[in-house]
1. So, in nm, how far is label residue 180 from label residue 74 when the simple model puts each one 7 Å beyond its Cα toward the Cβ?
2. At 0.36 nm per residue, and after removing the present C-alpha to C-alpha distance, how many nm does the segment from residue 215 to residue 108 gain when stretched out fully?
3. How high is the relative contact order of the chain, in percent, counting Cα pairs under 8 Å that sit 6 or more residues apart?
4. Hey, what angle do you get for helix 196-207 against the long axis of the chain, alpha-carbon based, 0 to 90 degrees rounded to 10?
5. With the Cα gyration tensor of the chain in hand, give its eigenvalues times 5 under a square root as the equivalent ellipsoid semi-axes, listed largest first in whole angstrom.
6. Please determine, in degrees from 0 to 90 and to the nearest 10, the orientation of helix 37-47 with respect to the longest principal axis defined by the Cα atoms of the chain, where the helix direction is its Cα long axis.
7. Please identify every one of the GluC sites (Glu not before Pro) in the range 80-135 that sits in a loop by DSSP and has no more than 13 other beta carbons within 10 Å of its own beta carbon.
8. Just to confirm the filter: which trypsin sites (Lys or Arg not before Pro) across the range 120-176 are DSSP coil and have at most 10 other Cβ within 10 angstrom of their Cβ?
Amino acid sequence: MSSDTTDDIYDPAFVKDVFDRCSDQYIAFSWVCSFGFTERWRRQCVEALPELAEGATGYDLMAGTGEVWPHLLRRRPDLATITAVDISSGMHRRALERLHRHRAHRISFIEDDVLASQLPDESADFVVSTFGLKTFDRDRQTLLARLVARVLKPGGSFAMIEASDPKGWLLRPLYLFHLKTVLPLVERFLLNGAQDFSRIGVYSTNFGDAGHIAESLAAEGLEVRFRKHFFGCATSVSGRKPLT
Ligand SMILES: C[S@@+](CC[C@H](N)C(=O)[O-])C[C@H]1O[C@@H](n2cnc3c(N)ncnc32)[C@H](O)[C@@H]1O
């Protein structure tokens, strides 16, 4: 049964429905809506990992169509495995069919709500997440920070990036017009979507920036660096788990 009737747009079942429905067109939408910036931000997210050692294994949380994997493998061609965690099987199926068949042996997939998943303690050399934070409200971001701290090995690295509200930027009204008005029109006339991409715009404007998750990660004892990208249109957190 569709959970589209729920009022809670952060309910994991609701989020899953949204992404299952838009998985076919997500890649095109992601590119169009950001004028290609998303690719650059994914690369910068991977570069922000303090360390990515030979033979490393780790998690791509809210992996979607696996857009960040080429960046990880470019930085570390000898990466051992990436475990993709995503609640939407549609996004992952699409990822393997269209983009990543040739690297499928290095990717494993867990289809689950990341907060409900039983990822083992200290099982990852790295954790990355690109554009997967916005569908988490503040309480869930706190839980996500706890999970990242728990699954990282001592010395392990993390980096996460999300589109953000560029508060204080002169061109912010233009950016919000793009997000709230232009994108729904693109969806309606070009992508034939079912209001799902407009919802992604709502998540983005509600998200604010990565400040809350930065504080939550620091509260979990991780070393954290917060950065703004392109006047704050995206923000990232990166760092590592101390050795002791
Ligand atoms: C905007 S997409 C980002 C995909 C990809 N990482 C990228 O760079 O394009 C967000 C992804 O987060 C997934 N997601 C949202 N909430 C989730 C949750 N609670 N657990 C696991 N995956 C979730 C969605 O299914 C979707 O694939």
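1. Placing both labels 7 Å along Cα→Cβ, they lie 3.5 nm apart.
2. Numbers: separation 107, 0.36 × 107 = 38.52 nm, distance 3.02 nm.
My answer for the length gained is 35.5 nm.
3. The value is 21 percent.
4. Long axis of 196-207 versus the principal axis of the chain: about 60 degrees.
5. On the way: eigenvalues 141, 85, 63 Å².
That gives 27, 21, 18 Å for the three semi-axes.
6. Value to nearest ten degrees: 10.
7. Values: sites: 97, 111, 122; in loops: 122.
Counting only loop positions with at most 13 other Cβ atoms within 10 Å, the GluC sites (Glu not before Pro) in the range 80-135 are 122.
8. Answer in residue order: 167.
Bear in mind these aren't lab numbers, they're just calculated from the coordinates by the rules spelled out. Given the structure is predicted, the values throughout are model-derived calculations rather than measurements. Methodologically, a virtual Cβ is constructed for each residue, glycine included, from the backbone with ideal geometry; neighbour enumeration extends over all protein chains shown.
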